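Asks: My questions will all concern the structure given below.
The values are calculated or read from the model by the stated rules, or taken from the named source; none is laboratory data. What you see is a predicted model, and the numbers here were worked out from it, not measured in a lab. Every residue, glycine as well, gets a Cβ built from its backbone with ideal geometry; the counts of neighbours run over all protein chains shown. Surface accessibility is based on the protein's heavy atoms, side chains included, excluding ligands, DNA and RNA. Shrake-Rupley method; radii C 1.70, N 1.55, O 1.52, S 1.80 Å.
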Amino acid sequence: MSSQLFLSGVSKSFDGFKAINNLSMVIEKGELRAVIGPNGAGKTTMMDIITGKTRPDEGEVYWNDAIDLTRLDEAATARLGVGRKFQKPTVIETLSVADNLNLALKADRGVFSTLTARTGRTQKTEINRLLALICLSDQRSRPAADLSHGQKQWLEIGMLLAQDPALLLVDEPAAGMTDAETMRTAELLRNIAGERSVVVVEHDMQFVAALGCKVTVLHQGHVLAEGSLDHVSANPEVVEVYLGR
Amino acid sequence: MIFTRQSAPRGGEAAGPGRCPVAWALTLALVVILGLLAPPQARAASDSFESLVAALAGGSYSDRAKLVAKIAQTGDPRALGLLEALTDGRLYQRKSDKRIVTVAASGKPPGMSDAITGEDLGVFNKRAAKKVKVNNSLRRKIRTAIGLLSLTSSDAQDRLKAAQAAFASGDPAQLEALDAALSAESDRGVATALAEARAVAILNSKTGLAEKQAAITVLKQRGDRDAQAALSPFRDDPALAGAVAVALRSIEERQALWGMAQNVWYGLSLGSVLLLAAIGLAITFGVMGVINMAHGELVMLGAYTTFAVQEAIRTSAPGLFDWSLLIAAPLAFVVAGTVGVVIERGVVRHLYGRPLETLLATWGISLMLQQAVRSIFGPNNREVGNPGWMSGAFELGGMTITWNRLWILIFALMVFVGLLFLLRRTAMGLQMRAVTQNRPMAAEMGINTGRVDALTFGLGAGIGGLAGVALSQIDNVSPNLGQSYIVDSFMVVVFGGAGNLWGALAGAFTLGVANKFLEPFAGAVLAKILVLVFIILFIQKRPRGLFALRGRAVEA
Amino acid sequence: MLARLIDTRMAVFLAVLFVLTVAVPLGNLVIAGQPVPSYVVALLGKYLTYALLAVALDLVWGYCGILSLGHGAFFALGGYAMGMHLMREIGPRGVYGDPVLPDFMVFLNWKELPWFWLGFDSFWFAALMVMVVPGALAFVFGWFAFRSRVTGVYLSIITQAMTYALMLAFFRNEMGFGGNNGLTDFKDILGFDLQADTTRAGLFVAAAVALAAGLLLARYITTSKLGKVLVAIRDAESRTRFLGYRVEAFKLFVFVVSAMMAGVAGAIYTPLVGIINPGEFSPANSIEIVIWVALGGRGTLVGAAMGAIIVALSRTLLTSWFPELWLFALGGMFILVTLVLPQGILGAVEAGLRRVRRRPREAAA
């Protein structure tokens, strides 16, 4: 079976600072993976590299063992099936909730096909399904700006799902959520995984525990430890990194 | 025989009773006798100053020209005054006694005196005298003659001028005088000038080939446009062509080099102006992310402050005029800075985080400031004078440097260094940098970001005012002054990279020099267009400029 | 389709525009005593071309967040393209009577027509160039700028540099566009005398039709899914990229369409006012367009058109009554709109109307 995402020996430095240092990681198809690490461990840069926002200085990034992601830009990786959720919920504030989802729906992204595109029955059904999934059916016509913080997080996840991606990169989804919302989000992500690969970057250990998946610990741009949460928690180096400072 | 015929009555007159010492009379009488006795062939021996002068009134213009040259060669101390009177048309011959008289340059009616003895002859009566006429070619010869006379002046400056004049005329007749002056010259600069003048004279004379070759070498070493002009007539001389061609080529190379140096200087000068205009902008843009479209008008306010200061000085204390800029600079800083703080507190403060809106609002302010100045001071250019130490120019090798441009360059660098010091070494600078790099964090650490913002904006504006003081010295002071700099200063900031003083410095000087280097090929306007196009393309490659701040803080 | 394009504000505006289009020529040409003087026709026509220019800018700024400070350049290029045709229309009737060369070229001792003037003797070629030239400039400029992700104030500043560079270029005699004086002394257009009232009225109608068409085209674009993508780019550019949209392509599309629209506005402007000169490229002119849009209401299209007319009208009135005050008024508008009227006049009026409508209902409840 081929992997969904394959990183090997990836490095990237900014003005002499090595944000990513010889990072290697494999994400299997349908896998749920949590990536943890202290501030500045290179989590965001890693996602930037996978999505084509940043070009690595060296190393390989392959999609399905076939496509070199380092040659693609954000739009291209998105079309390929990489969905990314930012740490800060980013939705299109002035558009309605339904329009936000509509824009995310899988469709031809070309300029002229977008100009002449019509929202047909299949699209409407799909939007309704997603609205129900993220519990925003009542809010469908309201501008996204009116939503609460947690609702925006869900809308963004809904938009990711609308893209029908093969891989979701989720950056600190639980930030700013209530405990109940956090648990619901963990459940949502567990449900998504299986059919799609999901990589979650998170600080909140409770949330990571709730995900119940393989954990990768990043430190200073490379992988410090990998395995179950219990396994990595027992690693003295990890303890050192987390508690030693 | 004109000569002798005229000397007789003059001699008699000079010996008149009770006017002159007896010795004088005797000498003159002797001269007259000698003059009478001398045969025409031996006239040279009797070329005394007196006889030459006496002969001036007669003969053709060309005779007169020969006389002038001879008068100069006598080296007589009276010659200079006489020749000057001659060119000015103040030399006459009294009809009654054929005496040559000099009419005083001033006085109504002017007095006159004997041209040789200096004896006062009372009031000048135009009808009783005949003018010693000069035409243009004669006047030129007289000028050369005067020049030669100055070669022996005691003032080195005068001698230098005389040598330069001799160089310009290139008349081989001067050779003797030049040789004499050269052997007596002690000042090295004057000696060089004399040698060069001598070289031109030699080239024009019928001297031998070896001397001429040496002369070409001297001119080659001088290596400026004048040397080029002196050499080029001999380009086709069969005997000299080779040496002249070599010399000319060397001069041309040298000229090209100096031309380049001059262009660099013009570029640096333009760069210093751009730096002054842009550096305040760089601060507000860099620290606060605010595009201040009214910056040009703050510059204009600085220029008008200078104007007002000079007006006040002119009416109440004219003696202070040379100090006007030093008085205006702090005032301009305060005026523009205060207006800046008012703009920040009144408008910009409400628009943080909305850079495009800030741009529009400050543009509105710029329009109002323009109109305000137009209403108060009128729409026309106002006259701002250069103090003595700012006017004039000096030569540095083959290039000309004007004092005002040089002072502006120095001033711009001083402002830059001062600002650098302020940002690096003072508490306020530290706070400003803290706010630039991480506004929320700075706020959490107890820095009053509002106060820092106001002061930063005021500082940027105040520097704009200082720029205005400098610009008032080289540009028209009008309500449109600011408009003409705004696009250029934005280009500097964008090119250099916002928020970095070194970027502004590099940007200003690069653009200044690039502009001036393109000008000779493309013309001023096209050069400017090319630079603009270049920046537009450059921004595509490095969207954040030459010295961009990088990292997370900027992304956020 | 029509319902999608015409909402209430569009309906009201188009209705008023239609009434004007009928009433003004009638008042000028038919009704005895000429209640609408000829100069007013030209003036109103000019306002309408400004309105179209404002709609063009609103399309890129209001919907896509591209604050162009160089839209005056596209307007001027359209104006020059039409001006070149009008110059060639003069034919041998110029002062020097040269059958081919415009007067200024004869004056500058030019022997033949520069290549870029060829073809402009045909009205239809010129009409095409009116859109092609600004469109091509916008394409080249935008292709470079958007691809390398120059955004925000940086983009604004380089668009300003663009129009500034063009202004300097067009001031040069060597460019072959009449230098300082620009193009003027036009005689006729399509055989109609430009001094005739009927021609002027015709141009007025053309301006009105172009404005209506521009508004509807802009509305078609902004109400389409592409319009939503534009808004998405404006509000969250990065998000839009990660949704798989190639942001630069969308920006380029709307920038080029907008530039063409501005070119058409300039093309109608030139025969109406009888001159086009390099001053139209001045950065100040381009910034003023922004205030039309901001004052009327950014992202409303109709508001932008209204804003242009309001500012142009106040300029005409104020500069004749209190010339000293005009720049204060204009400057004040910039400050006022950004500080207290972020939605513009239209936004404020509509908010007011909503409040009035809601109140009786609340009272009833």
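Asks: Could you tell me how many of the residues in segment B:386-403 are within 30 Å of B:Ile251 (Cβ to Cβ) and of a type in the set (S, T, N, Q)?
Replies: Counting residues in segment B:386-403 that are within 30 Å of B:Ile251 (Cβ to Cβ) and of a type in the set (S, T, N, Q) gives 2.
To keep it simple, each residue is scored yes or no on (1) in contact (Cβ under 8 Å) with a residue 12 or more places away in the chain; (2) over 34 Å from the mean Cα position of the chain (by Cα).
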| residue | (1), (2) |
| --- | --- |
| B:Leu240 | yes, yes |
| B:Ala245 | no, no |
| B:Ser250 | yes, no |
| B:Met260 | no, no |
| B:Asn263 | yes, no |
| B:Gly271 | yes, no |
| B:Ile283 | yes, yes |
| B:Val287 | yes, yes |
| B:Ile291 | yes, yes |
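Asks: Further, regarding this structure: Can you tell me which condition C:Phe146 does not meet? The list is (1) in a helix (DSSP H, G or I); (2) at positive phi; (3) within 14 Å of chain B (Cβ to nearest Cβ), and all the others hold.
Replies: Condition (2) is where C:Phe146 drops out.
Asks: To continue, here is another question. For segment A:9-43, how many residues meet the condition of being more than 15 Å from the chain's Cα centre (by Cα), hydrophobic (A, V, I, L, M, F, W, C), surrounded by 15 or more Cβ atoms within 10 Å (Cβ to Cβ) and over 17 Å from A:Asp68 (Cα atoms)?
Replies: Summing the residues that are more than 15 Å from the chain's Cα centre (by Cα), hydrophobic (A, V, I, L, M, F, W, C), surrounded by 15 or more Cβ atoms within 10 Å (Cβ to Cβ) and over 17 Å from A:Asp68 (Cα atoms) in segment A:9-43 gives 3.
Asks: Hey, could you check segment C:295-304 for residues that are among the small types (Gly, Ala, Ser) and in contact with a Phe, Trp or Tyr (Cβ under 8 Å, 6 or more places away or on another chain) and say which is farthest from the other protein chains (Cβ to nearest Cβ)?
Replies: C:Ala304
Asks: Go through the residues of segment A:84-102 one by one and say whether even a single one is of a type in the set (D, E, K, R) and at pLDDT below 85.
Replies: There is at least one residue in segment A:84-102 that is of a type in the set (D, E, K, R) and at pLDDT below 85.
Asks: Does at least one position in segment A:110-130 carry a residue that is buried (at least 17 other Cβ atoms within 10 Å of the Cβ), within 12 Å of another protein chain (Cβ to nearest Cβ), over 23 Å from C:Val231 (Cβ atoms) and not acidic (Asp, Glu)?
Replies: Checked against the condition, which is being buried (at least 17 other Cβ atoms within 10 Å of the Cβ), within 12 Å of another protein chain (Cβ to nearest Cβ), over 23 Å from C:Val231 (Cβ atoms) and not acidic (Asp, Glu), segment A:110-130 yields no hits at all.
Asks: Please state which of the following conditions C:Ala284 fails to meet, knowing it meets all the rest: (1) touching a residue at least 12 places away in the same chain (Cβ under 8 Å); (2) closer than 25 Å to C:Ser258 by Cα.
Replies: The number of the failed condition is (1).
Asks: A follow-up question, please. Mind listing whichever residues of segment C:267-284 are within 14 Å of chain B (Cβ to nearest Cβ) and part of a helix (DSSP H, G or I)?
Replies: C:Pro278, C:Gly279, C:Phe281, C:Pro283, C:Ala284, listed by residue number.
Asks: Within segment B:378-397, which residues are out of contact with any strand residue (DSSP E or B) (no Cβ under 8 Å at 6 or more places or on another chain) and buried (at least 17 other Cβ atoms within 10 Å of the Cβ)?
Replies: Once the filter is applied, which keeps residues that are out of contact with any strand residue (DSSP E or B) (no Cβ under 8 Å at 6 or more places or on another chain) and buried (at least 17 other Cβ atoms within 10 Å of the Cβ), segment B:378-397 yields B:Gly385, B:Asn386, B:Pro387, B:Met390.
Asks: Of all residues being more than 8 Å from chain C (Cβ to nearest Cβ) and touching a Leu at 6+ places or on another chain (Cβ under 7 Å) in segment A:84-97, which is farthest from A:Pro173 (Cα to Cα)? Just the residue, please.
Replies: Filtering first and then ranking leaves A:Val97.
Asks: So C:Leu101 passes all but one of these: (1) out of contact with any Lys or Arg (no Cβ under 9 Å at 6 or more places or on another chain); (2) assigned to a loop (DSSP other than H, G, I, E, B); (3) open to solvent by less than 30 Å² (accessible area, probe 1.4 Å); (4) over 16 Å from C:Ser286 (Cα atoms). Which condition number does it fail?
Replies: Here C:Leu101 meets the rest and fails (1).
Asks: If you check every pair at least six apart or on different chains, which have Cβ atoms under 8 Å apart with a residue in segment B:436-460 that is in contact (Cβ under 8 Å) with a residue 40 or more places away in the chain first and a residue that is among the acidic types (Asp, Glu) second?
Replies: B:Asp453/B:Glu344; B:Ala454/B:Glu344; B:Phe457/B:Glu344; B:Gly458/B:Glu344
Asks: Turning to a different aspect of this structure: Run down C:Leu86, C:Leu44, C:Leu57, C:Leu77 and say which single residue is in a helix (DSSP H, G or I), touching a strand residue (DSSP E or B) at 6+ places or on another chain (Cβ under 9 Å) and at pLDDT 90 or above.
Replies: C:Leu86
Asks: For segment C:159-184, give me the residue count where each residue is assigned to a helix (DSSP H, G or I), more than 7 Å from chain B (Cβ to nearest Cβ) and open to solvent by less than 40 Å² (accessible area, probe 1.4 Å).
Replies: Residues in segment C:159-184 being assigned to a helix (DSSP H, G or I), more than 7 Å from chain B (Cβ to nearest Cβ) and open to solvent by less than 40 Å² (accessible area, probe 1.4 Å): 6 in total.
Asks: For the condition in contact (Cβ under 8 Å) with a residue 60 or more places away in the chain and either in the same structural domain as B:Gly59 (by TED's automatic domain parsing) or open to solvent by less than 60 Å² (accessible area, probe 1.4 Å) (or both), what is the one hit in B:Leu149, B:Leu194, B:Leu121?
Replies: Unique residue meeting the criteria: B:Leu149.
Asks: Taking segment B:420-450 as the search range and keeping residues that are surrounded by fewer than 13 Cβ atoms within 10 Å (Cβ to Cβ) and more than 15 Å from B:Leu501 (Cβ to Cβ), which one is nearest to the chain's Cα centre (by Cα)?
Replies: Across segment B:420-450, the extreme among qualifying residues is B:Ala427.
Asks: Here's a follow-up. Only residues that are away from chain C (no Cβ under 14 Å), surrounded by fewer than 21 Cβ atoms within 10 Å (Cβ to Cβ) and closer than 19 Å to A:Lys12 by Cα: list them for segment A:56-79, please.
Replies: A:Asp57, A:Glu58, A:Gly59, A:Glu60, A:Tyr62, A:Asp68, A:Thr70, A:Arg71, listed by residue number.
Asks: Quick one: what pairs do we get from segment C:3-21, first residue touching a residue at least 60 places away in the same chain (Cβ under 8 Å), second part of a helix (DSSP H, G or I) and basic (Lys, Arg), C-beta under 7 Å, 6+ apart or different chains?
Replies: Within 7 Å, the pairs are C:Leu5/C:Arg219; C:Met10/C:Arg219.
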